[in-house]
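J.: So that we are looking at the same thing, I have put the structure below in structure tokens.
Each value in this text was obtained by applying a stated rule to the coordinates, not by laboratory testing. All figures in this text were calculated on a predicted structure; none of them were measured in a lab. Here the Cβ positions follow ideal geometry from the backbone for every residue, glycine too, while neighbour counts run over all protein chains shown.
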Amino acid sequence: MNLYLAARARAAVVYSLAIVLVTVAGLYAPTDAAAAVSNPTVTGPIAVKAPPGSATRDYPWMSTMHNLGAVEYVEEEFFIEGTASRFNTAVPIGTNGTLVDSGHAYRTRIIVRRPVAPWKFNGTVLAEWQNVTAGYDLDAMWGASFEHIVRAGYAWVGVSAQRVGVQGVPNGVKNWSPLRYGTLDVTAAGTINDDALSYDIFAQALQAIRHPVGVRPLGKLSAKRVLAIGASQSAGRLQVFINALHPLIGDPVDAYMLYIGGGRLRTDLTVPIFKLISETDVPSQVAARQPDTPLFRFWEVAGASHSGRRTVLNSRPLLLRDGVAPSVGDCTFPPYPRVPIQHVTNAAFDHLVRWVREGVQPPSAAPVTTVGAVIQRDASGNALGGIRLAEFDVPTALNTGANTGAAFCILYGRHVPFEQSVIDQLYPTHGSYVSPLLTQLHETVRAGYVLPADAARTRHLAVTSIVGSAPCSQICRASLDLVEASYVYLYTTGLDDELAGKVLAFIQLVARGEAIGGQHQVFANRLARHTLERYVDAVQALQAKGRLSQVSAQELVNGATAVLAMLPG
């Protein structure tokens, strides 16, 4: 059953109860923000005059591929404009920045993905500082956690605050679509090109969300909490915002999450700060480690990479659709650990909400084990310590945060499946694999690092796996990647479990045929091919009915076609 449907039923009950309850103000809610941060002028929603992928590009940059209407969400884009200030932020930690000058005109965009109806909205806005490391705006945290964002009723807002994302060449939005974005400017007409205005622009965008004047970017919804979030380079921008500017322009922010980036942080603020990093980030973050406090948490996830498969699944098809070449390069080792760090991120979001709303502190977590800046590893090469997801702690592969090679390979980590002889030694039976995995899974849920809904998916994949009962060949591994893609792209259809199940059945049939051989294998492969062809038919039917975007359908059909090409006979 799609977890969204169950969540919707529960949310309706919660909303019905809420109308007779008194709302309690969050324990760490900031004071009235109206006096400290300027309200920008908001225009929109900006009309979408062409479907995504059209030559005119009169649609939002990297408009989501997901059919948000099916889960009662909507995507809308707004322009915000006003005058921004510059600050001196080169100050010691614990010292406030100082105003340099004011009155610099700007105009930029925000993209809003939110529930349509108040009953679906949980009251919390995840305000993401769009990442521009690759030369364009990237909604990194939306891409990693969109299922949970929708499932839990969050609103997500992406803020374009930096020059590269707005005016960079060639893929800043203004150059990508002059028709749509030709009036945008975050550089004060080219006089301030170092992103010095970005902090005030970001704060004003959040002010427009938290205390709207005129056009309301959330429509009929009212934000009770705004969490400022950012990944990698954007986390570094939030680090500066926290350390130098929160006391000056941070009033719209109830809490912060820095994901896979950012350095040492001041700890004298009155709002919670959550920092979550992958194994890739650990060596460079050892010097920035800080002890937990009543308003600070620092989690490290073993085996996870800075940029993983979820980033690829979200960005690659959108970049291809929008005419932008994705970053490519040959890595030294196979990239992307199969360690779902997004499960930890999802739990962290919910912890942060309870922290703000009720004062309930998240659990602490052991760091990845290091000597100096060197990660300590077991005999297989996997890291010791850290948050240990079940997929990592009961391993079938080497999953690390380290890789080398071209482009951004150093951020991609590595995933090297164990030899079958190693798998056979570790897990002589299916039960000898499933039992310890479920034990570790239960522990991560009990500890608060994984949500029950995400654990249910991990449990299902473990129970239906062939580990300990049959070899997992190359076709099996490719099929498992198709399973993951199916859960991502089919989520809003409500058929993700059903169609992913067809791919899992395909794996079972192929494995059974390989184990028996001969004519039995021929017959098993014929059944397997039929099963996956029906999967393709179902995907294409969903696209024809308008329930699945062309982009999502093409990704799944391409994946299934590649798997079928590997099947003998």
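J.: Hey, for a label at Thr404 modelled as a point 7 Å past Cα toward Cβ, could you say which residues of region 273-293 have their backbone N under 20 Å away?
T.: 279-285
J.: For helix 198-210, report the angle its Cα long axis makes with the longest principal axis of the Cα atoms of the chain; keep it between 0 and 90° and round to the nearest 10°.
T.: 90
J.: Could I ask something else about it? Helix 496-516: angle to the longest alpha-carbon principal axis of the chain, degrees 0 to 90, nearest 10?
T.: For helix 496-516, the angle is close to 30 degrees.
J.: Report, in whole Å, the centroid distance computed from the Cα atoms of region 429-460 and region 185-208.
T.: 44
J.: Further question: GluC sites (Glu not before Pro) within region 379-465: which are DSSP loop residues with at most 15 other Cβ atoms inside 10 Å? Before the final figure, lay out each step's value.
T.: Numbers: sites: Glu391, Glu419, Glu443; in loops: Glu419.
Those that pass, being in a loop and sparsely packed, are Glu419.
J.: For region 3-232, what log10 I(q)/I(0) values come out of the Debye formula at q = 0.10 1/Å, with one point per alpha carbon and no solvent?
T.: The Cα Debye sum returns log10 ratios of -0.48.
J.: Which ³J(HN,Hα) values in Hz, rounded to whole numbers, follow from the phi angles of region 464-472 under the Karplus curve 6.51 cos²θ - 1.76 cosθ + 1.60, where θ = phi - 60° and Gly and Pro get x?
T.: 8, 6, 9, 4, x, 10, 7, x, 9
J.: R0 = 51 Å: FRET efficiency of Val116 with Ala515, Cβ-based, nearest 0.05? Show your work: numbers first, answer last.
T.: Values: r = 50 Å, r/R0 = 0.97.
According to the calculation, E is roughly 0.55.
J.: Subtracting the Cα-Cα distance from 0.36 nm times the residue separation, let me have the gained length for Asp424 to Val91 in nm, one decimal.
T.: Result: 114.2 nm gained on full extension.
J.: In nm, give the distance between the simple-model label positions of Ala541 and Leu179, each being 7 Å from the Cα along the Cα-to-Cβ direction.
T.: Result for the modelled spin labels: 3.6 nm.
J.: Just for the Cα atoms in region 375-425, what are the lengths along the principal axes, largest first, rounded to whole Å?
T.: Per principal axis, max minus min of the Cα coordinates gives 37, 25, 17 Å.
J.: Just grab the label-to-label distance for Gln290 and Thr83, each label 7 Å out from Cα along the Cβ direction, in nm (one decimal).
T.: Between Gln290 and Thr83, the label points sit 3.4 nm apart.
J.: Right, something else. Using each residue's phi in region 387-397, evaluate 6.51 cos²θ - 1.76 cosθ + 1.60 at θ = phi - 60° and report the 3J(HN,Hα) Karplus result to the nearest Hz, with x for Gly and Pro.
T.: 6, 10, 5, 4, 4, 8, 6, 10, x, 10, 7
J.: Okay, next question. Can you figure out the FRET efficiency of Ala189 with Thr41, using R₀ = 30 Å and their beta-carbon distance, to the nearest 0.05? List each step's numbers first, then the result.
T.: Working: r = 18 Å, r/R0 = 0.59.
Approximately 0.95, to the nearest 0.05.
J.: Oh, and also: For Val416 and Thr98, what is the calculated FRET efficiency with R₀ set at 51 Å and r taken between the beta-carbons, to the nearest 0.05? Show your work: numbers first, answer last.
T.: Working: r = 51 Å, r/R0 = 0.99.
That gives a FRET efficiency of 0.50.
J.: Report, in degrees rounded to the nearest 10, the 0 to 90 angle that the Cα long axis of helix 474-489 makes with the longest principal axis of the chain.
T.: 40
J.: Calculate how large, on average over all directions, the projected area of the Cα convex hull of region 419-566 is; give the answer in nm² to one decimal. Working shown, then result.
T.: Working: hull surface 37.7 nm².
Over all viewing directions, region 419-566 projects a mean Cα-hull area of 9.4 nm².
J.: Can you tell me the alpha carbon radius of gyration of the chain divided by the globular rule-of-thumb value 2.2 N^0.38 Å?
T.: Working: Rg = 23.7 Å, N = 569, 2.2 N^0.38 = 24.5 Å.
So the chain has a normalised radius of gyration of 0.97.
J.: Could you count how many Lys pairs in region 3-232 have their Cα atoms under 28 Å apart, skipping same-chain pairs fewer than 8 positions apart? Let's see the in-between values first.
T.: Working: Lys49/Lys120; Lys49/Lys174; Lys49/Lys220; Lys120/Lys220; Lys120/Lys224.
Lysine pairs satisfying the spacing and distance rule in region 3-232 number 5.
J.: Before rounding to the nearest 500, sum -39500 (n - 2.57) across all DSSP H runs of length at least 4 in the chain and divide by the residue total; then give [θ] at 222 nm in deg cm²/dmol.
T.: Details: 19 runs with 224 residues, N = 569.
So the helix-based figure for the chain works out to -12000 deg cm²/dmol.
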